[in-house]
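The values are calculated or read from the model by the stated rules, or taken from the named source; none is laboratory data. Only a predicted model underlies this, so the values are computations on that prediction, with no experimental measurement involved. Quick reminder, even Gly has a Cβ in these numbers, built from the backbone with ideal geometry, and neighbours come from all protein chains shown.
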Amino acid sequence: MNTVAEAISEAARSLASQSDSPRLDAELLLGKILGLSRTGLIARSNQPASDESLQAFARLIEERRRGTPVAYLTGTREFWSLALHVTPAVLVPRPETEILVDLALQRLPEDSQCSILDLGTGSGAIALAIAAERPLSQVTGTDISAAALEVAKRNARELELSRVDWRLGSWFAPVAGQRFDMIVSNPPYIAAADPALEKLTAEPAIALCDGPTGLEALATIAAGSGAHLRGRGWLLLEHGSSQGPDVARLLHAHGFTSVRSHPDFSGKLRVTLGTLHSPP
């Protein structure tokens, strides 16, 4: 019978070729089986794990080896210190997207009663992080997927964040005639021929790719935002690491000023933003 520490080490070795963080993956998955935090696993590292637990752990490790994200196997993902429920209906929230949240909050005063639109909300990660930090604001999240919106609504209930309005539909269709102080989005931006898609088959394709170049959704949002922003309103877009210049050009082309691209943790441009001083 393996100890907790031995089970984690063996699983981490088996994941080494499939994961960038094999030990972390193994710890999170065994923690799921045993109902323990990572700290709890350390405290019990020399204790034996039952055969039943090890068998269940082995099944999860095999699913991870096949490419299933850890968040789908555990059912949760931490984002902006919020514990979010996730399913294969939604994209797994990434740490890079916290940069978008941070940049948005920098432009929303703490006593803000602004209105914010999150396009393609998925699990609701961005909308809920902003709602948690700016409780006086009104946040609206839209998504074309009914299943994704159910995940977002569940997260809102469990986090007790009620000032978020969820709308079903494509991009701006659910908010026709409305204007907001800020629009944020992490839309699909991977090009159809990008090899990266091969490693993301477990996640919803609709949240990853929207066309051959990867710029299609970004262009749609840039073009439509002017009709839905109030004066001096901000648009913030997450995008691929090589798309910063293209997204900046899109914003300039649609009348945005103060356009700037911001890097992620690895120094690659990840979020581009701009303001619309005189919306149409």
Candidates L105, L82, L91 - the one that is closer than 23 Å to A152 by Cβ, among the hydrophobic types (A, V, I, L, M, F, W, C) and buried (at least 21 other Cβ atoms within 10 Å of the Cβ): L91
Test for R232: is it out of contact with any Gly (no Cβ under 9 Å at 6 or more places or on another chain), in contact (Cβ under 8 Å) with a residue 40 or more places away in the chain, surrounded by 13 or more Cβ atoms within 10 Å (Cβ to Cβ) and basic (K, R): yes
Residues that are in contact with a helix residue (DSSP H, G or I) (Cβ under 9 Å, 6 or more places away or on another chain) and either part of a helix (DSSP H, G or I) or modelled with pLDDT of 90 or more (or both), drawn from segment 1-17: V4, A5, A7, I8, S9, E10, A11, A12, R13, S14, L15, A16
Residue that is of a type in the set (G, A, S) and assigned to a helix (DSSP H, G or I), where the choices are A83, A56: A56
Residues located in segment 1-51, provided they are surrounded by fewer than 19 Cβ atoms within 10 Å (Cβ to Cβ), within 12 Å of R64 (Cβ to Cβ) and aliphatic (A, V, I, L, M): A12, A16, L24
Search result, residues across segment 112-168 that are in a loop (DSSP other than H, G, I, E, B) and under 13 Å from the mean Cα position of the chain (by Cα): G120, T121, G122, S123, G124
All positions within segment 166-207 that are free of Cβ contacts under 8 Å to residues at least 12 places away in the same chain, under 21 Å from G244 (Cα atoms) and either small (G, A, S) or not assigned by TED's automatic domain parsing to the domain that holds S225 (or both): A196
Segment 18-45 residues that are in a loop (DSSP other than H, G, I, E, B), paired with ones that are of a type in the set (K, R) (beta carbon under 9 Å, 6 or more apart): Q18/R64; Q18/R65; Q18/R66; S19/R64; S19/R65; L36/R44
